[in-house]
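A short write-up of the structure that comes next.
Only the coordinates and a few stated rules stand behind these numbers; no lab work does. Since the structure is predicted, the reported quantities are computational estimates derived from the model, not experimental observations. Cβ coordinates were reconstructed from backbone atoms using ideal geometry, including for glycine residues, and neighbour counts include every protein chain displayed.
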């Protein structure tokens, strides 16, 4: 797992942005380029733009002084997907992308072997290898963003599940028969603690007649960041919604800690930009609610890799698939 690993090209396909870079064996990103996805253009146009972005990234990496040529491509994208077949099945953040053979397209376009993985699973591996999880043995990762995804590394090995889609921590039930989730079930963690759900709950409270400083915003424009700031400033409605979210997150993570007893739980994603306001309630919940030894050994910390985690994750997936050089 050393720096002798050859560089790889990493593609991160998001609903709002495309990010591409060359990832070296130490997890560093070279030739990083980011552009809007403009998903309304449709898959053919967006993928063509992505391939062009990849070629420009390779050129930029060389201009930065990178001498080795990438030997593979790692692709990170939200699911559902079939990683083994290299196909994007029907990711909801990319409407109209049905059964897209993204691995075949990338391999043919860029003349390199390519590998696909769920973005949260790839991010988990990135944080384990190059971020907050360095030196751990068992680590859980949750991305708390528009939705809530996750991934697990157990005894040093990435957990994928029997069908390759394990780690859906956002769909742990925290409130039986509670809020409707996007997955069609009720009471999922994602329905309470995702950025989307936090904003929706604040808007629902205001629409029901609650008085809040958030009323000055158009209901459709309220974000989780707005709720976080208003809660910190003492707004009662925002505080209620925020506390509900952190309580749900703390409860779910406590359950996961009891099941896996990990060395570390890493929290990433846009909602975690609130820092201690999110982290400290979750840490307290785990410290008081986890069973026996788990409460002592399982730490909860914020992710380290920030906005490049998707690219680093794609690189980590490619590095996992290619053979390590002797002595690496």
* To do: Mind checking the full-extension length gain between residue 38 and residue 99? Use 0.36 nm per residue of separation minus the Cα-Cα distance, one decimal, nm.
  => 20.0 nm
* Quick one: 40, 119, 235, fewest Cβ neighbours within 10 Å first, how do they rank? -> 40, 235, 119
* **Virtual spin-label span in nm between residue 111 and residue 207, 7 Å along Cα→Cβ** => 5.4 nm
* What area, in nm² and to one decimal, does the C-alpha convex hull of segment 132-303 cast on average over all directions? -> 10.1 nm²
* Asked: What does the helix-only formula give at 222 nm for the chain: each DSSP H stretch with n ≥ 4 adding -39500 (n - 2.57), the total divided by the residues, and the result rounded to the nearest 500 deg cm²/dmol?
  -> -12000 deg cm²/dmol
* Residue separation times 0.36 nm, minus the C-alpha to C-alpha distance between residue 63 and residue 159: what's the value? -> 30.9 nm
* Cα-derived Rg to Rh of the chain, Kirkwood definition -> 0.98
* Structure fact -> per DSSP, antiparallel bridges as share of beta bridges in the chain, % nearest 5, sits at 60 percent
* Structure fact -> segment 132-303: antiparallel bridges as % of DSSP beta bridges, rounded to 5, reads 55 percent
* To do: Starting from the alpha-carbon convex hull of segment 7-132, give the projected area averaged over all orientations, in nm².
  => 7.1 nm²
* Asked: If you line up the long axis of helix 276-289 against the longest principal axis of the chain, both from Cα atoms, how many degrees apart are they, to the nearest 10?
  -> 80 degrees
* Structure fact -> When 181, 188 are arranged by how many other beta-carbons sit within 10 Å of their Cβ, fewest first, they go 181, 188
* Structure fact -> Ordered by fewest other Cβ atoms within 10 Å, a rough proxy for footprinting exposure, 69, 246, 184, 288 read 184, 288, 69, 246
